[in-house]
Amino acid sequence: MAQNRVHAPALIPVLAIDGPSGSGKGTITRLLAQRLGWHYLDSGALYRLVALAALRRGVALDDAAGLRALAQSLDARFDPAQPDKAYLEGVEVGEALRSEQCGNAASRAAAIAGVRAALLERQRAFRKAPGLVADGRDMGTVIFPDAALKIFLTATPEERARRRYKQLKDKGLDARMNDLVKDIAERDARDSARAAAPLKPAPDAVVLDTTEMSIEAVVERALTLLRERLGKSK
Ligand code: DC
């Protein structure tokens with residue numbers, strides 16, 4: 001019994017990192033998971049996988065029942081040792097997932113309540129000892145409301161577009177700054193205005209504006225806050 005209690009998911013600490021596209025969440029979450037030796041959840045990848053499956057199977061992005069069914073039966077797998085890789089029906093699709101087309105489609109699929117409900121338990125199953133760092137839009141508000149620490153990262157839309165541009169160019173992908181600024185504004189509006197789990201900080205989240213912060217500074221700040229929280233709760 002005692003052992004069951006020790007392994008009860010609610011006692012496994014979660015560090016929830018939420019925020020809009022381009023706020024640095026992905027990079028920061030991965031670094032934090034590495035530094036802590038914790039598990040890592042890229043929840044956006046799940047929405048991207050649903051969108052990719054829909055694009056490939058010809059399911060329309062406004063077909064709520066079709067998308068929910070895809071999300072319920074999603075054959076997705078991640079490789080903890082290689083966070084850039086993701087498998088859809090056994091095939092590696094990491095690069096296709098990161099395209100702007102897929103990100104925009106994911107934002108549309110993610111607005112459907114049935115899709116979110118279908119992915120809920122799958123996300124919670126990532127909570128394993130010794131801890132989980134989870135990246136998304138509703139990690140602190142919906143998926144892990146009892147997270148040990150909730151951080152909401154922001155940055156100006158211009159800075160986020162600049163970061164995205166650099167990321168795409170570094171990968172040798174085509175990108176135009178004007179299109180990215182427009183895409184980011186559209187996605188922010190859709191992710192924030194939707195009825196189902198809109199993008200917003202949890203009331204108990206620490207909001208960090210990263211516009212002028214280095215990645216390392218954000219990671220250090222998060223680690224300090226986490227140590228304080230875990231220390232206090234003991
Ligand atoms: O983090 P990302 O860019 O990979 O996410 C892609 C889209 O998925 C994003 O526009 C909104 C949606 N999303 C969501 O609604 N909830 C999450 N927890 C993660 C992503």
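General remarks:
- First in the stretch 160-171 and more than 14 Å from I184 (Cβ to Cβ), second anywhere and in a loop (DSSP other than H, G, I, E, B) and not charged (D, E, K, R), Cβ under 8 Å, 6 or more apart: K169/A175
- Filtering the stretch 191-234 to residues that are of a type in the set (S, T, Y) and either modelled with pLDDT of 90 or more or within 12 Å of K150 (Cα to Cα) (or both) leaves T210, T211, S214, T224.
- Across the stretch 126-146, the number of residues qualifying as buried (at least 23 other Cβ atoms within 10 Å of the Cβ), aliphatic (A, V, I, L, M) and more than 8 Å from the ligand (Cβ to nearest atom) comes to 3.
- Q123 vs. criteria within 14 Å of the ligand (Cβ to nearest atom), over 18 Å from L31 (Cβ atoms) and at pLDDT below 95: no
- Selection count where residues are part of a loop (DSSP other than H, G, I, E, B) and within 23 Å of A33 (Cβ to Cβ), scope the stretch 189-227: 9
- Applying the criterion of at least 1 residues that are surrounded by fewer than 20 Cβ atoms within 10 Å (Cβ to Cβ) and either over 13 Å from the mean Cα position of the chain (by Cα) or within 16 Å of the ligand (Cβ to nearest atom) (or both) to the strands (runs of 3 or more DSSP E) found wholly in the stretch 1-104 leaves 39-42, 76-78, 86-88.
The values are calculated or read from the model by the stated rules, or taken from the named source; none is laboratory data. What you see is a predicted model, and the numbers here were worked out from it, not measured in a lab. Reconstructed Cβ throughout: ideal geometry from the backbone, glycine too, with neighbour counts over all protein chains shown.
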